[in-house]
Amino acid sequence: MTLRRPLLVLVALVLALAAFACGGATSARRITVWHAYRGDEERALKEVAARYEVERGVKVTLLSVPFDAYLSKLQAAVPRGNGPDVFIDAHGRLGTFTKEGLVADASGAIGEADVARFDETSVRALTQDGKRWGVPLATKCLALFVNTRLVTSEIATLEDVQKLRATLPASAVPLAYEAHTTYYHVPFLHAFGAELLGSAGDFAMVGRGAEDSVALVRDLTKDHVVPDEPSGALVKQLFVQGQAAVVISGPWLLSELRDEVPFKVQPLPTVAKTGKKMRPYLTVEAAFVTPDGAGKPDAVGFARWLGDDASARTRALVGKQVVATKSAWADPEVARSSALAAFHAAAADAVPTPTSTRLQATWVPADQAIKKVLRGEAEPKAALDEAKARFDDVMRPPPPSPSPAPVMLLAGGALLALAYFGVRRARAPGFRAELTRSLPVYRYVIHAVVTVCVLVVLPLVAGAATSFFAGGRGETRFVGFENYAQILTARGGALLGHGSFYLTLLVTILWTVLNVAAHVGIGLALGLALARPWLRLKAVWRVLLILPWAVPSYVTAVAWKGMFHRQFGAMNAILTAVGAPPVSWFSHFSTAFTANLLTNVWLGFPFMMVVTLGALTSIPKDVLEAAEVDGATRWQRFRHVTAPLLLPQLLPSIMLGSVWTFNMFNVVFLVSGGEPDGTTDILVSEAYRWAFTRDSQYGYAAAYAVLIFLLLFVATRLLGARVDRAKAKVA
């Protein structure tokens, strides 16, 4: 008995040491992989990773990152050593990856002997500065989806698609694709010998070829070959319902098609007018190795593993990917998928997407030019020349760095003023006694003060500091007050010209005033109605009227955007039913602004209704009864009793609603998207565009944010004073 206990302790220690050693060995053989896959693609990746774990004894941790946040998370994590060892992403961001040092040379994963195993176009897309930066996994490009029930002849040219107009039912369209989007217009550009981005990173969508390509799409829309305002959701809906004979889309549409839709996929046709093929942009998904991962043989080995023959077969069969590994297409089971084979054939003629960091800045001006032409607002040449001018304006280099003295003097003056008032307050009579008495109370508020400083004050200070710099990520330069000068001088253009701060401010003020007035008016009317004692089913009505507020704003915004569609929207269906002509809601400022306004009024009135109901409960009933006894009419009781007592209760809510509406990004961005041509953008959406669609000019966007903060600070202080006066008057 005396020996048993020490022996048990010894055995336990030995087992613990062994477990620790095994755990240490296991943790040493561990890699982290980031991806943005979903569904079948994610399932295929998991199978490939599981096989690697079994055969190589390496723990592979797969982390799915939302696509919208993918790049920003890589930029934040990889330079600090907290990112993945391997990540899977599109090659179009390769310029950003190499510029910011997010990837390492992948020659260890794809050597000279391995190049022949992959499609030549894919390898070329991942080659930059004489180095291969990733292992090609899959390709994605646009192709032609043909409804074989509606189309019985071969589609060889675009003109063959146009001829379908005569053979289709009246409710069907020959061709559906997102005609107003530059990405979908690129094949037309290439068919006319033009391009989007030049070799020097300049805006190249100008000249005769580009003009003819846009004119062709305009004619297709006028002739009703292509539907009006075709969004991605509409294109899918038309094809699924058999109302589109042919659509242009990518492999992502395959998962949306039901079995009852008979279709085939083929490469994009030739434009007979030029005799050239419509060549889309090619996106190559690749496995990239980070600088930290390059030092781990297991990470390099996994990147190589993802592109090998067995893994490619799994990704093709399970993930339904158009794999870049040649051997997979020799497999009968893979080749049996005619749709994947068609996309593989289309990839051979596709043009690799440029990896220049300047590409991102071309999309918006090009989109706007195409939309202007399709709406008949401008001729192709004028619209494309304007797009180039806007691109050049956004991409102009930041000014030289000035002396930091003015900024330092301003900051120093603010600190001196703060110190002066602090010292003055400390010397006030009784201050020390008050401070001593208050010390026990600080224990209860110190955590709130620290939280507010970390979550509110520090971000504000960081944003204000960022506004003194210009340039994209990795190329920031101190410019002092230049960003503010550029904003307040409309970048040297007309003060009320397109996109100027003052024009956008006027739109924002109009947006705020009309919305808040409608919110208060409707909310007050409904609140008064629901407070009537004779109203039945009050609880039911209250729940129904609060529902618009309960639904997330972005869901409501997307739903209302569909209601304003010119051809298939509910609003135009109502107008047509009463004999009015349909309206192209997003073609004019007045109608686009109205669409935004109606959506936001629907979202905002329940809040004011609830506030009104709460405020009405605080009004003494005996006051209203006394007024009624004195012979006051219902209107007189509301005007002289109810309204004065309601106003002090409503003003704080009006102030809060004004701030919300002033910065109501969701509705403007999701409903009109700033259309037409950015005229319905408000200040916060304009700041967003400078940060995320115009070459990542965070300093310029931060200056916008500071100006928005100052405007709201002054406005709320003035409105706060008004609230105090109203309360004092009632008291």
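Values as computed for the structure displayed
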| quantity | calculated |
| --- | --- |
| Enumeration of residues in the stretch 278-295 that are surrounded by fewer than 24 Cβ atoms within 10 Å (Cβ to Cβ), in contact with a strand residue (DSSP E or B) (Cβ under 6 Å, 6 or more places away or on another chain) and outside any strand (DSSP E or B) | Arg279 |
| Some residue of the stretch 189-207 being part of a strand (DSSP E or B) and under 11 Å from Ile248 (Cβ atoms) | no |
| Hits in the stretch 545-583 (condition: closer than 18 Å to Pro230 by Cβ, modelled with pLDDT of 85 or more and of a type in the set (S, T, N, Q)) | Asn572 |
| Number of positions in the stretch 485-501 that are over 27 Å from the mean Cα position of the chain (by Cα) and assigned to a loop (DSSP other than H, G, I, E, B) | 5 |
| Test: residue in the stretch 447-468 that is without any contact (Cβ under 8 Å) to a residue 60 or more places away in the chain, touching a Phe, Trp or Tyr at 6+ places or on another chain (Cβ under 9 Å) and not in a loop (DSSP other than H, G, I, E, B) | yes |
| Residue check for Val668: surrounded by 14 or more Cβ atoms within 10 Å (Cβ to Cβ), outside any helix (DSSP H, G or I) and at pLDDT 85 or above | no |
| Selection from the stretch 688-714 of residues that are in a helix (DSSP H, G or I), in contact with a helix residue (DSSP H, G or I) (Cβ under 9 Å, 6 or more places away or on another chain) and either charged (D, E, K, R) or more than 23 Å from Arg93 (Cα to Cα) (or both) | Arg689, Ala702, Ala703, Tyr704, Ala705, Val706, Leu707, Ile708, Phe709, Leu711, Leu712 |
| Condition met for Ile654 (without any contact (Cβ under 8 Å) to a residue 60 or more places away in the chain, buried (at least 18 other Cβ atoms within 10 Å of the Cβ), part of a helix (DSSP H, G or I) and not polar (S, T, N, Q)) | no |
| Test: residue in the stretch 191-207 that is in the same structural domain as Phe263 (by TED's automatic domain parsing), out of contact with any helix residue (DSSP H, G or I) (no Cβ under 9 Å at 6 or more places or on another chain) and either of a type in the set (Asp, Glu) or crowded, with 24+ Cβ neighbours inside 10 Å (or both) | no |
| Qualifying residue in the stretch 591-612 (condition: over 30 Å from Pro533 (Cα atoms) and small (Gly, Ala, Ser)) | yes |
| Options Ser587, Ser553: the member that is touching a Lys or Arg at 6+ places or on another chain (Cβ under 8 Å), surrounded by 15 or more Cβ atoms within 10 Å (Cβ to Cβ) and farther than 30 Å from Arg639 by Cα | Ser587 |
| Any hit, the stretch 503-524, residues being under 25 Å from Asn596 (Cβ atoms), surrounded by fewer than 16 Cβ atoms within 10 Å (Cβ to Cβ) and touching a Ser or Thr at 6+ places or on another chain (Cβ under 9 Å) | yes |
| Test: Ala383 is free of Cβ contacts under 8 Å to residues at least 12 places away in the same chain and under 24 Å from Asp202 (Cα atoms) | no |
| Single residue of Ala170, Ala176, Ala204 found to be among the hydrophobic types (A, V, I, L, M, F, W, C) and more than 32 Å from the chain's Cα centre (by Cα) | Ala170 |
| Given (1) in a helix (DSSP H, G or I); (2) surrounded by 19 or more Cβ atoms within 10 Å (Cβ to Cβ); (3) among the basic types (Lys, Arg), index of the condition Arg358 fails | (1) |
| Residue count, the stretch 84-105 (criterion: surrounded by fewer than 22 Cβ atoms within 10 Å (Cβ to Cβ) and more than 20 Å from Ala361 (Cα to Cα)) | 2 |
| Residues located in the stretch 615-650, provided they are assigned to a loop (DSSP other than H, G, I, E, B) and small (Gly, Ala, Ser) | Ser618, Gly631, Ala632 |
| Test: residue in the stretch 611-624 that is under 13 Å from Gly523 (Cβ atoms), surrounded by 20 or more Cβ atoms within 10 Å (Cβ to Cβ) and out of contact with any helix residue (DSSP H, G or I) (no Cβ under 6 Å at 6 or more places or on another chain) | no |
| Filter result for Thr661 (crowded, with 19+ Cβ neighbours inside 10 Å, within 18 Å of the chain's Cα centre (by Cα), modelled with pLDDT of 90 or more and of a type outside the set (Lys, Arg)) | no |
| Members of the stretch 142-182 found to be touching a Leu at 6+ places or on another chain (Cβ under 8 Å), surrounded by fewer than 19 Cβ atoms within 10 Å (Cβ to Cβ) and closer than 23 Å to Val373 by Cβ, listed by number | Gln162 |
| In the stretch 79-124, the residues that are part of a helix (DSSP H, G or I) and of a type in the set (Gly, Ala, Ser) | Gly92, Gly95, Ala113, Ala116, Ser122 |
| Search result, residues across the stretch 214-242 that are in a helix (DSSP H, G or I) and touching a Lys or Arg at 6+ places or on another chain (Cβ under 8 Å) | Leu216, Val240 |
| Some residue of the stretch 365-383 being within 19 Å of Ala470 (Cα to Cα), of a type in the set (A, V, I, L, M) and under 23 Å from the mean Cα position of the chain (by Cα) | no |
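The values are calculated or read from the model by the stated rules, or taken from the named source; none is laboratory data. Just so it is clear, the structure is predicted and the values come from calculations on it, not from any experiment. Note: ideal-geometry Cβ built from the backbone for every residue, glycine included; neighbour counts use all protein chains shown.
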